[in-house]
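Q: A single structure is presented below for examination.
What follows is calculated from the coordinates using simple rules that are stated; it is not laboratory data. Quick caveat, the model's predicted, so the values are computed rather than measured. Glycine gets a Cβ as well: all are built from the backbone with ideal geometry, and neighbour counts include every protein chain shown.
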Amino acid sequence: MADIVFRNVTKRYGGTLAVDDASFTVNDNEFFCFFGPPLSGKSTILRLVLGLEMPDSGEILIGGKPVNAVSPAERNVAMVFQNLALFPHMSALDNVRFPLVERRVAEADMERRVADVAAKLHIGHILHKPPAQLSGGERQRVAIARALVRDPNAYLMDDPISALDARLREETRVELKRIQRELGKTLIYVTHDQEEAMSIADRIAILESGRIRQIGAPAEIYDRPTSTYVARLLGSPVMNILKSVRGEGGVEAAEGALSIADRAAPADALEIGLRPEDIKVRPWNDKGTADGGSGRPARVFEVEPLGGYTVVTLAAGQARLKALLRGQPDIRPDAMVAISCEPARVHYFGQGGGALAR
Ligand code: ADP
Ligand code: MG
């Protein structure tokens, strides 16, 4: 068992509150992701798990055992550093063996562990080669194998693939996800890339200035953000957030940009949130919508065709909105369109940006 628990952990550097009263449980075998902007405390949390930093207050447990007074070596948690560079003068095999040689692991045990990790990472056939003869993706897999061969209680990764180009990053994150599932090990993963967090994690913890703002499965956080802060962090383009006023039949957003016929809308809603994919866009002429449907007029400000879908920026009422449409619709800048949405897709936020139940 290697679940990792923080109970009200706080860590200060001088006047800076790097981790602010953090409580969470990373389950055994879980792929757990910390996501937040730079300086939000992600790396500090990893250093606290490793034992490289001591909390000012609170308790850390690994596998049910309090570890505040346990040395980093005894915690047996492996950090996979940002730099996954291989030793160029050693073969892939010697690179993978290196952490075991360093720890004087017995030869037979070493061979078994290397064979095991090589099979899981599909690198058995390239182990005899030096790094210079490997492709970028193969080098990544060898570097990951070198990190995994130690067989620790849990792995920690601090933005491990951010230096790779976009294509290799996508391949590597699929690979990491698969490896973690096959190894059945606890993995705490830090990233500042929301798409990476969404695609790779079993659960995500969202950080803001050392505070955990929300913890949940990616789909749960995406569908039910508990604050405008979290709502704005996930999604591409991000959620549209508009000032709103409660009226007779529902809600008016951004001074007439959108009308939401939702009698169940909370009375204390100050803002609404709408995902770009939840905005319906239809043609408009001077008699209203061409298909007779309802909607408010909006002017097309910019069109970004991305192949499979198109991002349309709209000027409506006092707001700029982004809508995400499938395919490549025939919409041009300056055209008028009608926009509307399903009331059930609307998020409501109140005082301080907190989400409101409908
Ligand atoms: P992240 O990894 O999310 O970028 P960090 O955990 O590195 O964030 O930093 C959190 C906060 O703690 C920041 O304000 C940072 O400046 C501060 N901090 C981190 N490490 C140190 C340190 N060794 N000394 C002083 N301040 C630090
Ligand atoms: Mg960091």
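Q: State which entries of 120/177; 11/42; 42/185; 243/322; 280/322 exceed 18 angstrom in Cα-Cα distance in the structure shown. Spell out each step's value before the answer.
A: On the way: 120/177 12 Å; 11/42 12 Å; 42/185 20 Å; 243/322 15 Å; 280/322 11 Å.
42/185, as the Cα separations exceed 18 Å there.
Q: Which of the peptides 141-147, 315-321, 159-165 is most tightly packed, and how do the rest follow, going by the mean number of other Cβ atoms within 10 Å of each residue?
A: Working: 141-147: 23.4, 315-321: 18.3, 159-165: 16.3.
Top to bottom by mean Cβ count within 10 Å: 141-147, 315-321, 159-165.
Q: Further, regarding this structure: State the Cα centre-to-centre distance between segment 172-241 and segment 1-54 in whole Å.
A: Spelled out, the Cα-based centre of one part sits 15 Å from the other.
Q: As a test, work out the antiparallel percent of DSSP beta bridges whose residues both lie in the chain, rounded to the nearest 5. Present the calculation step by step, with values, prior to reporting the outcome.
A: Working: 58 of 76 bridges.
Roughly 75 percent of the beta bridges in the chain run antiparallel, per DSSP.
Q: I need two numbers for segment 240-353: Rg to one decimal and Dmax as a whole number, Cα atoms only, in Å.
A: Answer for segment 240-353, Rg first and Dmax second: 13.9, 41 Å.
Q: Where Lys and Arg each count +1 and Asp and Glu each count -1, what net charge lies around residue 181 among other residues with Cβ under 15 Å from its Cβ? Please list the in-between numbers first.
A: Numbers: positive: 120, 173, 177, 178, 185, 203; negative: 28, 30, 175, 182, 202.
Net of charged neighbours comes to +1.
Q: Would you mind listing how long the chain runs along its three principal axes, going by Cα atoms, in whole Å with the largest first?
A: On the principal axes, the chain reaches 82, 48, 32 Å in Cα extent.
Q: Could you work out [θ]222 nm for the chain from helices alone, using -39500 (n - 2.57) per DSSP H run of at least four and dividing by all its residues? Round to the nearest 500 deg cm²/dmol. Show your work: numbers first, answer last.
A: Working: 9 runs with 88 residues, N = 358.
Mean residue ellipticity, 222 nm, calculated: -7000 deg cm²/dmol.
Q: Okay, moving on. Under the rule a/c < 1.5 gives rounded, and otherwise a/b versus b/c splits prolate from oblate, where does segment 104-195 land using the Cα gyration tensor?
A: Numbers: a/c = 2.16, a/b = 1.29, b/c = 1.67.
Taking the square roots of the gyration eigenvalues as a ≥ b ≥ c, segment 104-195 is oblate.
Q: Using the Cα gyration tensor of segment 64-219, with a ≥ b ≥ c the square roots of its eigenvalues, what is the shape: rounded (a/c below 1.5), prolate (a/b larger than b/c) or oblate (neither)? Walk me through the numbers on the way to the answer.
A: Working: a/c = 2.07, a/b = 1.31, b/c = 1.58.
Cα axes put segment 64-219 in the oblate bin.
Q: Another one. Express in % the proportion of alpha carbon pairs of segment 1-81 at distances exceeding 14 Å. Intermediate values should be presented prior to the final figure.
A: Details: 1985 of 3240 pairs.
It works out to 61 percent of all Cα pairs.
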